[in-house]
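Heads up: the structure comes next, in structure tokens.
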Amino acid sequence: MREITQTVCCNDVRFVVGRNALEVLRELMGKIAVFHPLWLDPTPIRKVLPEAEYFPVEDGERLKDVNNVLVLAKELFERGYDRGDTIIAVGGGSVTDTVGFLASIYLRGIRLVNVPTTLLGMVDAAIGGKTGVNFAGIKNVLGTFYQPSLIIAELSFLDTLPQQELRNGLSEVIKYSIVLDSALYNILMGSKDEIMRKDDEALEEVIIRSASNKLDVVAQDERETKGIRIVLNFGHTVGHAIESATDFKVHHGLAISVGMTCESKFAEELGYAEEGLVEDTLSLLTLYELPVNPDQLDPRPDPYKALKALEKDKKRRSDVLLVPVPRRIGAWTKAEIPVETFKGLTEQCLR
């Protein structure tokens, strides 16, 4: 078992990864509320926290309605939870988004613990403090920045994770390696067999390095005001456009994989990156059998719909897009690329 602690603004965020990492939950004091998806068996947590109260909730976008937050807050209030108590979010991004938002507004902030159950959650969704719920049918209109005090990556949750979902999470790990961590890139290149068979030591290494990379970025720019946290969006500008163009039928990690391929090509074509970056990116993505062109996606994204989605990208500032571009493996810079230029490059990449 391994752990790191990072100070983010005014809070210490502790990240623990390993088999039997759930044992750390025994350290919690006071009343404990555990929120988990209806489909998830909370027995592993119940064995550690038999006295906690368990709240099964809907998963996905159905959970993320702001009215559901008010229902959950009413439950906590009626059961007498105070600021010395803890709520735990178990599951994927929709649960950590919603329960994190709940934690941030209940009594102006109650202790939050995230327990992600997928690799994607362990290396990305559960880290960073972003919360968000939907309002008036629009995604993530309401949200806060609120850091969990503890994040637990329990490896036993990955034992039954399908290989495709493992690759889905590895796409985000690869992202960190390309723009932030050349040592992680080398580890990924040399440890494919161990990672894909879910060797505990190999998984601990890539998860702890990914978490450390993200927490370090978040500590420098928690609220995205300094132009540093933008690095976490590498591959996501094109990737999000692909998701939108396929009505979110393409898994996030697969869309981001093609997005990283495209954006690496843009970096070389526009003169930001050293020669060889695209080849290095393709080598790693291909090694893990991740898609590198739109023909490998099902359904194939409609380029016209993708370009329309780009026009509404949150990183747009007037007529430019603020995007992170890799310079070489492990290094990046921020670029202001005219929207029309970015759209032209995207169209070329997705044809």
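Brief remarks follow.
- Test: residue in the stretch 170-187 that is acidic (Asp, Glu), modelled with pLDDT of 95 or more, in a helix (DSSP H, G or I) and buried (at least 20 other Cβ atoms within 10 Å of the Cβ): yes
- Contact annotation: residue pairs with Cβ atoms under 8 Å, 6 or more positions apart or on different chains, pairing a residue in the stretch 134-153 that is of a type in the set (Lys, Arg) with a partner that is crowded, with 16+ Cβ neighbours inside 10 Å, are 139/64; 139/132.
- Among the residues of the stretch 1-17, just one is under 18 Å from residue 157 (Cα atoms) and touching a Lys or Arg at 6+ places or on another chain (Cβ under 6 Å), namely 17.
- When the stretch 214-236 is limited to residues that are among the polar types (S, T, N, Q) and closer than 18 Å to residue 9 by Cβ, the one that is farthest from the chain's Cα centre (by Cα) turns out to be 225.
- With respect to the conditions (1) more than 19 Å from residue 121 (Cα to Cα); (2) β-branched (Val, Ile, Thr); (3) within 21 Å of the chain's Cα centre (by Cα), residue 256 falls short on a single one, namely (1).
- For the criterion of being in a strand (DSSP E or B) and either closer than 20 Å to residue 217 by Cβ or in contact (Cβ under 8 Å) with a residue 40 or more places away in the chain (or both), residue 17 passes.
- Matching residues, the stretch 241-250, being part of a loop (DSSP other than H, G, I, E, B), of a type outside the set (A, V, I, L, M, F, W, C) and surrounded by 18 or more Cβ atoms within 10 Å (Cβ to Cβ): 246
- Residue that is surrounded by the fewest Cβ atoms within 10 Å (Cβ to Cβ), among those in the stretch 114-130 that are assigned to a helix (DSSP H, G or I) and touching a strand residue (DSSP E or B) at 6+ places or on another chain (Cβ under 7 Å): 125
- Checked against (1) out of contact with any helix residue (DSSP H, G or I) (no Cβ under 7 Å at 6 or more places or on another chain); (2) modelled with pLDDT under 95, residue 190 passes all but a single condition, namely (2).
- Enumeration of residues in the stretch 196-228 that are in a helix (DSSP H, G or I) and surrounded by 20 or more Cβ atoms within 10 Å (Cβ to Cβ): 203, 206, 207, 208, 209, 210, 211, 213, 214, 215, 217, 218
- Within the stretch 312-330, the set of residues being exposed (fewer than 14 other Cβ atoms within 10 Å of the Cβ) and either of a type outside the set (Ser, Thr, Tyr) or closer than 23 Å to residue 209 by Cα (or both) comprises 312, 314, 317, 319.
- Among the residues of the stretch 83-110, just one is farther than 17 Å from residue 59 by Cβ, touching a residue at least 40 places away in the same chain (Cβ under 8 Å) and either outside the structural domain of residue 60 (by TED's automatic domain parsing) or among the charged types (D, E, K, R) (or both), namely 85.
- For the stretch 47-63, the count of residues that are modelled with pLDDT under 95 and either closer than 21 Å to residue 145 by Cβ or buried (at least 21 other Cβ atoms within 10 Å of the Cβ) (or both) is at least one.
- Extreme residue, farthest from residue 279 (Cα to Cα), among residues of the stretch 302-351 that are free of Cβ contacts under 8 Å to residues at least 24 places away in the same chain and touching a strand residue (DSSP E or B) at 6+ places or on another chain (Cβ under 7 Å): 319
- Pairs with Cβ under 8 Å, 6+ apart, first in the stretch 23-47 and touching a residue at least 24 places away in the same chain (Cβ under 8 Å), second surrounded by fewer than 18 Cβ atoms within 10 Å (Cβ to Cβ) and among the small types (Gly, Ala, Ser): 29/84; 30/84; 31/80; 44/156
- Residue pairs whose Cβ atoms lie under 6 Å apart, separated by 6 or more positions or on different chains, with the first residue in the stretch 54-81 and on the phi > 0 side of the Ramachandran plot and the second part of a strand (DSSP E or B) and not hydroxyl-bearing (Ser, Thr, Tyr), do not occur.
- Among residues of the stretch 296-351, those that are assigned to a loop (DSSP other than H, G, I, E, B) and in contact with a Phe, Trp or Tyr (Cβ under 6 Å, 6 or more places away or on another chain), counted: 1
- Options 257, 283, 264: the member that is surrounded by fewer than 24 Cβ atoms within 10 Å (Cβ to Cβ) and of a type in the set (Ser, Thr, Tyr): 283
The values are calculated or read from the model by the stated rules, or taken from the named source; none is laboratory data. In this text, all values refer to a predicted model and were calculated from it rather than measured experimentally. Positions of Cβ are generated from backbone atoms using ideal geometry, with glycine treated the same way; all protein chains shown enter the neighbour counts.
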